[in-house]
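The values are calculated or read from the model by the stated rules, or taken from the named source; none is laboratory data. These numbers were taken from a predicted model, which means no experiment stands behind them. Cβ sites come from the backbone with ideal geometry, for glycine too, and all protein chains shown count toward neighbours. In case anyone asks, the SASA skips ligands and DNA or RNA and just uses the protein heavy atoms, side chains included. Shrake-Rupley method; radii C 1.70, N 1.55, O 1.52, S 1.80 Å.
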Amino acid sequence: QAQLVESGGGLVQAGGSLRLSCAASGRTFSNYAMGWFRQAPGKEREFVASINWSGGTTIVADSVKGRFTISRDNAKNTVYLQMNSLKPEDTALYYCAQSAGVFAARFDGQYNYWGQGTQVTVSS
């Protein structure tokens, strides 16, 4: 049973930056890929980024490519999402998720543990 706790969300002006963190416990962190998803009010949850077990492979959604970077520190059992050049359309509840396997993946069905989310609000 894994527990995931996100932090780092907040209110930021357009063009600003935030760094989200997700601390994991309960399973051997380095055995699993990790992902970030987001859900805006009235919209479906969407994929943001994923990273494989070692950190050597990442996948980033086209909507955030070039602005967001996912990384992980297996020694600290933590995955990060660095968000730069934020836009109002990035406003959402951001979720961290842990995969059932080692490979980075876009599909949310690949993930079997989820955090409670951290709110990111970008003002124009």
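Annotation: amide H-H contacts under 5 Å for F68 (H modelled 1.01 Å from N, sequence separation of 5 or more, or interchain): N84.
Here the extension length gained between Q39 and S25 equals 2.7 nm, from 0.36 nm per residue of separation less the Cα-Cα distance.
Near A24, once Lys and Arg are set to +1 and Asp and Glu to -1 for all other residues with Cβ below 10 Å from its Cβ, the sum equals +3. Give the residues of the range 11-44 whose amide nitrogen is closer than 17 Å to a point set 7 Å from the Cα of D108 in the direction of its Cβ. Only 34-44 fall inside the zone, counting backbone N under 17 Å.
Counting only heavy atoms of the protein chains, get the accessible area per residue of the chain (1.4 Å probe) and round it to a whole Å² value. The partial results should precede the final answer.
Numbers: 6120 Å² over 124 residues.
That works out to 49 Å² per residue.
Summing +1 for each Lys or Arg and -1 for each Asp or Glu among the other residues whose beta-carbon sits under 13 angstrom from that of N84 gives +3. For the range 21-124, the relative contact order is 32 percent, taking Cα pairs closer than 8 Å that sit 6 or more residues apart in sequence and dividing their mean separation by the residue count.
Calculate what fraction, in whole %, of the accessible area of the range 8-124 sits on carbon and sulfur atoms when a 1.4 Å probe is rolled over the protein chains. Can you show the working numbers first?
Working: 2690 of 5690 Å².
Of the solvent-accessible surface of the range 8-124, carbon and sulfur hold 47 percent.
Viscosity 1.306 mPa s, temperature 10 °C: Stokes-Einstein D of the chain from its Kirkwood Cα radius, in µm² per second?
Values: Rh = 14.1 Å.
It comes out at roughly 113 µm²/s.
Using all Cα-Cα distances in the range 63-124, what percent lands in each 10 angstrom bin from 0 up to the longest? Values per bin, smallest distances first: 18, 48, 30, 4.
Modelled spin-label separation between Q13 and Q1, with each label point placed 7 Å from Cα along the Cα-to-Cβ direction: 4.6 nm.
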